[in-house]
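Heads up, the thing below is written out as structure tokens.
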């Protein structure tokens, strides 16, 4: 029965097939005709190659073949590169005054070019969240990480090479329209009240293609309500640089970050870990240094081996010839650090080939890392790098070397060493002296490109008195790390002899490079952690190997910029002694017939700036909290308050060196050559700056916290306020005349107390939140205002008892005015 039924169904099906054959054939013809018409219409969009890329096209072959036809730009994308990931880095190439600096990074995104029928899509790939594709949660991560489309492009034509298929699209609008990812970021738009892009004043300058990257330069003009310069134009114009770099097919193995060793990192939220929550993982930004297969046995036996591919820096052709050897030395100074990691000749410096040697060589080619010499008034140098967000692999780095960095070096070296160093006693240095300073900065910037951030906790490792010792400084330099802002030896005194004046590649630098780069051959990723931990613990407790982060708002006084030695008070005392030696010599050391006094003014201001740094170094100890990174297997606290005795010494230093009028810097021979007035205001500004820093809400919060934790062992808020009042108002107790400088300072004190009484803690601007930390306090609900009120009442009472004892009229007027000011604070008029 079943067989008969099956046969019947089969016969019906066959009869339908036969009987309908002619009908279907006829219908097929109609459909073919219709399809042909559609295809013909479609072909009107996809034109013959020669119709799109005409004979007049300017063509540049590289990663993509780039064609320029009149004012239109086309990418000819090899089909093999569709769905490959590419890193696009957007920088400001040239900037309007007040908007960052040339080379400043604005955005970094991973992009993917994807072909969909007759469209090409440019998509953003995010690596912010992740789970291994072998895990079930991977599908959920993918679904939560859909790749947004930046722009869709019509396929204009198909490449004419049949062996290597390619697709041609027009990309003009991508760089001339307002594509935010490739232009001005949102925060800058808000700051300057940007309303829209003015396309009539925006254009593509150049698009150049290289084997592994494409470099795009385009000018954008934005209408802005509050431009930082040229306000009459109501707009800002910038030239942007977009670097599109092909990422490796196989990412480098990661090495995971540990905060006990300073490193630039890439981070990611990993949903695939065993923890019962999503965790952020960080991995190092570092070059891919690998042991050659034939050298593995040598490496295991402790022999130095050359890496498969060394790190090579080329020196820009534009670099003045006299500075090239010094820049190259600064680069290759790092070879000793890589030797600690097991490699020899791991980092090399080479001259860029001449045009005759290699006409196609370009510093914009991602295959070459270049020290680029820029004719710019910016007194700086910087060492940015581009890294693969999947692995942290550094793909290339161009060090920007601005011409006026030499002015910066001149100023630092002069103000910090001229008292003991004849080579610094003038406005222009000999080439060998400037060359040595250039080498120092070159090495520092190269350190950044290798992955190392500033290590501001390094310089406190050396006792202050050791920095006056020629034998010690010749062996160890002035700090354990060249990545600190240790600068030059301002502590050494004239009687100390031939001391070293600057840091070298130090113990910390060698340790950090070894920790980050030494291959662990039998382990990868998280498996490396026990070995990496062991390397850290071998140096635990040794200050030479400590990392201290750079602080936007100094809480840890042992991790500051521009400081030296383990005691800020003693170091600054020596520094001020040297400044006192410099000031009387300024006119002599800047003198030149026929020249005005511009250099005299500049170097006098450098003296005051250096003096201000000393005040900041000392102030940070009051309410300071040390931060020493540790893990569970290490004893002791991570955070400890600065001890009471040191804070008391810091307060006494400020009273003696700053709040007592610094008469030594008041030099009329200098003033009558550089200004018609301003000295009184200059000193008032310096004193007020430190006073406001001292009476900061966050610092006060830490003083209260310390007292709550440590009781009588702490330097309390009352201790600090009492010591400050007695020092600033010593004339009230002694009945002495109060001079003009002190009167200004005392008014600044009253105004700051008024601020504490009436204001709340200021909010940190959004653009600074990523790196500024501070102690926060609810002012109105804290002890701050009761203490300030008590101080004002005590001062009021003491002034009333002494105001009429002063025989000096201005002193009496001043104190009467202070009483009135206090009364208005305590009893405000509604």
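Read-outs: derived from the displayed coordinates by stated rules, not from any lab. Keep in mind that what you see is a predicted model, and the values were worked out from it rather than measured. Heads up, the Cβs are rebuilt from the backbone with ideal geometry, glycines too, and the neighbour counts pull from every protein chain shown.
Structure notes:
- Three-way shape call for the range 428-494 based on the alpha-carbon gyration tensor, with the a/c threshold at 1.5: oblate
- Over the Cα atoms of the range 599-659, the radius of gyration divided by the Kirkwood radius equals 1.21; this is the Rg/Rh ratio.
- Segment residue 816-residue 72, length gained on full extension (0.36 nm per residue, minus Cα span): 260.2 nm
- Given R0 = 56 Å, the distance between the Cβ atoms of residue 609 and residue 522 translates into a calculated FRET efficiency of 0.60.
- For the chain, the longest principal axis of the Cα atoms and the long axis of helix 405-417 meet at an angle of about 30 degrees.
- Cβ crowding within 10 Å averaged over residues, with 512-522, 794-804, 475-485 ranked highest first: 475-485, 512-522, 794-804
- Only Cα pairs under 8 Å and 6+ residues apart enter the sum, and on that basis the relative contact order of the chain stands at 8 percent.
- Between helix 644-654 and the chain: long-axis angle, C-alpha atoms, 0 to 90°, nearest 10: 80
- The stretch between residue 804 and residue 290, if pulled fully straight at 0.36 nm per residue, gains 176.9 nm over its current Cα-Cα span.
- Counting Cα-Cα pairs of the range 435-536 in 10 Å increments starting at 0 gives whole-percent bin shares of 15, 39, 28, 13, 5, 1.
- Percentage of interatomic Cα-Cα distances in the range 208-297 larger than 22 Å: 63
- Sequence ranges 368-377, 753-762, ranked by mean other-Cβ count within 10 angstrom, highest first: 368-377, 753-762
- Helical mean residue ellipticity (222 nm; -39500 (n - 2.57) per DSSP H run of 4+; nearest 500) of the chain: -11500 deg cm²/dmol
- Here residue 734 and residue 198 are evaluated by their C-beta separation; at R0 = 60 Å the FRET efficiency comes out at 0.35.
- Gyration tensor over alpha-carbon atoms, the range 367-407, equivalent ellipsoid semi-axes in Å: 26, 10, 5
- Percent of beta bridges antiparallel (DSSP, the range 284-408, rounded to nearest 5): 25
- Evaluated at q = 0.04, 0.05 Å⁻¹, the base-10 log of the normalised Debye intensity for the chain, with identical point scatterers placed on the Cα atoms, takes the values -0.25, -0.38.
- Compared with the dominant principal axis of the Cα atoms in the chain, helix 697-710 is inclined by about 80°.
- If R0 is 22 Å, the Cβ-Cβ spacing of residue 633 and residue 339 corresponds to a FRET efficiency of close to 0.15.
- Separation in nanometres of the label points that stand 7 Å from Cα toward Cβ, at residue 529 and residue 191: 3.8
- Relative intensity, log₁₀ I(q)/I(0), of the range 284-408 from a Debye sum that treats every alpha carbon as a point, q = 0.13, 0.16, 0.21, 0.22 Å⁻¹: -0.62, -0.89, -1.26, -1.32
- Net length available on complete extension from residue 432 to residue 115 is 108.3 nm, with 0.36 nm assigned per residue and the Cα-Cα distance removed.
- Normalised contact order of the range 284-408, rounded percent, pairs of Cα under 8 Å and 6 or more residues apart: 27
- Overall shape: oblate for the range 360-460, with the ratio a/c of the largest to smallest alpha carbon gyration tensor axis at 1.5 or above and b/c at least equal to a/b.
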